[in-house]
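Read through the structure below, which is laid out as structure tokens, and then see the notes.
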Protein chains: 2
Amino acid sequence: MHQWQEKTRPVRLERRFEFETYEGTRDFLDQLGQLSESMQRFPDISFGKTYANLTLMPEGEGENAEITNDDHLFASKVDEIC
Amino acid sequence: MHQWQEKTRPVRLERRFEFETYEGTRDFLDQLGQLSESMQRFPDISFGKTYANLTLMPEGEGENAEITNDDHLFASKVDEIC
């Protein structure tokens with residue numbers, strides 16, 4: 001079971017999601033796309049046939065950007081998808 | 001204008017696609033998903049709001065894998081999407 005991890009340089013949240021099938025991966029990405037549009041947050045996503053890695057950067061600029069409650073809220077809504 | 005680039009270690013084809021809007025990115029990914037299912041080829045894809053990077057590995061295993069006509073055919077069909 002993977003969880004969100006807070007990383008530095010740059011500050012970001014990351015989580016890996018794994019799926020049984022390509023269809024499962026696509027369903028997740030479709031719902032994530034709707035969530036992104038409704039919350040206007042667009043994480044960087046890497047995916048293949050049965051996985052997706054999300055990287056969420058805080059909206060603040062520069063080296064002093066910090067993970068905010070908004071970031072954690074978005075992450076928790078992504079968790080609700082799967 | 002970006003083109004497919006053949007890279008080594010591991011052997012692979014890579015191309016970056018850029019879009020004006022998130023909707024354009026999503027449309028591309030949706031059509032790419034249909035192409036992947038119909039050809040049973042699943043490249044690794046990294047994308048954000050207005051870009052997508054594709055990495056296509058040849059289907060052969062190991063260090064001696066080589067880019068084949070099938071790989072170039074899939075790449076050319078991806079090019080037809082955008």
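The values are calculated or read from the model by the stated rules, or taken from the named source; none is laboratory data. On a predicted model such as this, the values are computed, not experimentally measured, just so you know. All Cβ positions, even for glycine, are placed from backbone atoms using ideal geometry, and neighbour counts span all protein chains on display.
Can you give me the number of residues within the stretch B:47-63 that are assigned to a loop (DSSP other than H, G, I, E, B), of a type outside the set (A, V, I, L, M) and on the phi < 0 side of the Ramachandran plot?
Of the stretch B:47-63, the ones assigned to a loop (DSSP other than H, G, I, E, B) are B:49-50, B:57-63.
When the remaining residues are screened for being of a type outside the set (A, V, I, L, M), the result is B:49-50, B:58-63.
Of the ones still in play, those that are also on the phi < 0 side of the Ramachandran plot are B:49-50, B:58-61, B:63.
Qualifying residue count, the stretch B:47-63: 7.
Condition check: more than 12 Å from the chain's Cα centre (by Cα) and farther than 30 Å from B:Met57 by Cα. Does A:Glu66 satisfy that? Even if it seems obvious, please write down each step before you answer.
Details: more than 12 Å from the chain's Cα centre (by Cα): yes; farther than 30 Å from B:Met57 by Cα: yes.
Yes.
What number of residues within the stretch B:16-46 are surrounded by 18 or more Cβ atoms within 10 Å (Cβ to Cβ), at the interface with another protein chain (Cβ under 9 Å from one of its Cβ atoms) and in a strand (DSSP E or B)?
Total meeting the criteria: 1.
Going by the structure shown, is A:Asp79 modelled with pLDDT of 95 or more and either closer than 27 Å to B:Glu14 by Cβ or touching a Ser or Thr at 6+ places or on another chain (Cβ under 6 Å) (or both)? Outline the logic, then answer.
Numbers: modelled with pLDDT of 95 or more: yes; either closer than 27 Å to B:Glu14 by Cβ or touching a Ser or Thr at 6+ places or on another chain (Cβ under 6 Å) (or both): no.
So A:Asp79 fails the test.
Can you name the number of the only condition in (1) within 13 Å of chain B (Cβ to nearest Cβ); (2) assigned to a helix (DSSP H, G or I) that A:Ala75 fails?
All conditions pass for A:Ala75, except number (1).
Residues are listed down the side, and each one gets a yes or a no for (1) touching a Gly at 6+ places or on another chain (Cβ under 7 Å); (2) in contact (Cβ under 8 Å) with a residue 12 or more places away in the chain; (3) under 21 Å from A:Gln34 (Cβ atoms); (4) β-branched (Val, Ile, Thr):
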position	(1), (2), (3), (4)
B:Glu14	no, yes, no, no
B:Phe42	yes, no, no, no
B:Ile45	no, yes, yes, yes
B:Ala65	no, yes, no, no
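Which ones in the stretch B:1-54 are modelled with pLDDT under 95 and either in contact with a Cys (Cβ under 9 Å, 6 or more places away or on another chain) or among the hydroxyl-bearing types (Ser, Thr, Tyr) (or both)?
Hit for the stretch B:1-54 is B:Thr8, nothing else.
Given the conditions (1) surrounded by 16 or more Cβ atoms within 10 Å (Cβ to Cβ); (2) in contact (Cβ under 8 Å) with a residue 60 or more places away in the chain, which single one is not true for B:Cys82?
Here B:Cys82 meets the rest and fails (1).
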